[in-house]
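Enquirer: Structure incoming, see below.
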Amino acid sequence: MSSQILEPTPELSRKLHEKVVDSQAASSLVNRLASKNKDLQTQSVSTYQQFWKDSENNNEQSRTTMYKTLTNTYYNLATDFYEYGWGESFHFARKSISESLRESIKRHEHLLFDRARIQPNMK
């Protein structure tokens with residue numbers, strides 16, 4: 001296992017997930033994981049494991065100093081599982097009996113936008 005830390009930049013995240021995002025056919029978790037860039041995925045797993053296995057990074061000081069790397073690497077690895085389970089939204093919504101999950105999340109998002117006074121085309 002390499003001891004090199006792979007810094008999880010936005011560019012890396014795009015490269016790691018681009019085939020999954022671009023392919024509507026990659027709907028199952030297995031297809032999502034199979035369509036990933038294998039080298040980047042392996043390097044990302046190795047980076048994350050270095051914070052927990054026997055290495056110079058397996059200590060509280062290293063995890064604190066490299067908190068951003070640890071956190072972003074975790075979410076890069078976990079994103080496919082979250083999206084498989086919850087779709088594109090990482091939040092939950094109360095669901096009425098007659099609503100689908102997608103409808104409840106859509107209603108909840110509209111409520112959040114309304115309460116935050118966010119209007120269409122605002123950035």
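Bear in mind these aren't lab numbers, they're just calculated from the coordinates by the rules spelled out. Bear in mind the structure is a predicted one, so any value in this text is a computation, not a measurement. Because the Cβ atoms are built from the backbone with ideal geometry, glycine has one as well, and the counts that use them run over all protein chains shown.
Enquirer: Test of the criteria: in region 29-84, which chymotrypsin sites (Phe, Trp or Tyr not before Pro) are in a DSSP loop and have at most 13 other Cβ atoms within 10 angstrom of their Cβ?
Expert: Trp52
Enquirer: In nm, what is the difference between 0.36 nm times the number of residues separating Phe92 and Trp52 and their Cα-Cα distance? Each step should come with its number before you reach the end.
Expert: Numbers: separation 40, 0.36 × 40 = 14.40 nm, distance 3.00 nm.
The Phe92-Trp52 span can extend by a further 11.4 nm.
Enquirer: Of the peptides 93-103, 111-121, 33-43, how do they stack up when ordered by the mean number of other Cβ atoms within 10 Å, highest first?
Expert: On the way: 93-103: 11.1, 111-121: 9.3, 33-43: 14.9.
The packing order, highest mean first, is 33-43, 93-103, 111-121.
Enquirer: If each residue of separation counts as 0.36 nm, what is the full-extension length gain between Arg107 and Val30 once their alpha-carbon separation is subtracted?
Expert: Extra length from Arg107 to Val30 when fully extended: 24.7 nm.
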